[in-house]
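Below you'll find the structure, written out as structure tokens, and then a few comments.
Just so it is clear, none of the values below were taken in a lab; they were calculated from the coordinates. Predicted, not measured: the structure shown is a model, and the values here were computed from it. So basically every Cβ, Gly included, is an ideal-geometry build from the backbone, and we count neighbours across all protein chains shown.
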Amino acid sequence: MKKLKKITTAAAIVVMAICFYTFLLGNNVFAGKFSNDGMAWYFLAKGIYCSLTMYLLALVLEMLHARKDKS
């Protein structure tokens, strides 16, 4: 179960990095200006939500597995 937590944590970090990069790219930060694009903010919010959900799901599954082993 520890392996699942490590893989899920790594996947959550990758998802967050991709969504954060998309946010920066969509707001033209790399071009030296900042344009407030709604779709870029959507990707940032989606990245935060998905990465946090993946991490918390791994924690819940780990706790359920530990509880099942005790009984």
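For log10 I(q)/I(0) by the Debye sum over Cα atoms at q = 0.12, 0.18, 0.25, 0.27 Å⁻¹, which listed value, (i) -0.49, -0.87, -1.13, -1.17; (ii) -0.43, -0.69, -0.97, -1.05; (iii) -0.37, -0.73, -1.13, -1.23, comes from the coordinates shown? Working out log10 I(q)/I(0) by the Debye sum over Cα atoms at q = 0.12, 0.18, 0.25, 0.27 Å⁻¹ from the coordinates points to (ii). Per-residue ellipticity at 222 nm computed for the chain from its helices equals -29500 deg cm²/dmol, with DSSP H segments shorter than 4 residues left out and the rest contributing -39,500 (n - 2.57). For the pair the range 43-71 and the range 8-37, the centres of their Cα atoms are 23 angstrom apart. The relative contact order of the range 2-70 comes to 41 percent, based on Cα pairs under 8 Å that sit 6 or more residues apart.
In the chain, taking the dipole from charged Cβ atoms about the Cα centre, the farthest positive-side position among 36, 50, 71 is held by 71. In order along the range 15-21, the phi-based Karplus estimate (6.51 cos²θ - 1.76 cosθ + 1.60, θ = phi - 60°) of 3J(HN,Hα) comes to 4, 5, 5, 5, 5, 5, 5 Hz; Gly and Pro are listed as x.
Which of the trypsin sites (Lys or Arg not before Pro) across the chain are loop residues per DSSP, with 16 or fewer other Cβ within 10 Å?
Details: sites: 2, 3, 5, 6, 33, 46, 67, 68, 70; in loops: 33.
The qualifying sites are 33.
Only Lys, Arg, Asp and Glu carry charge here, each on its Cβ (+1 for the first two, -1 for the last two); on that basis the range 2-70 has a dipole of about 420 debye about its Cα centre.
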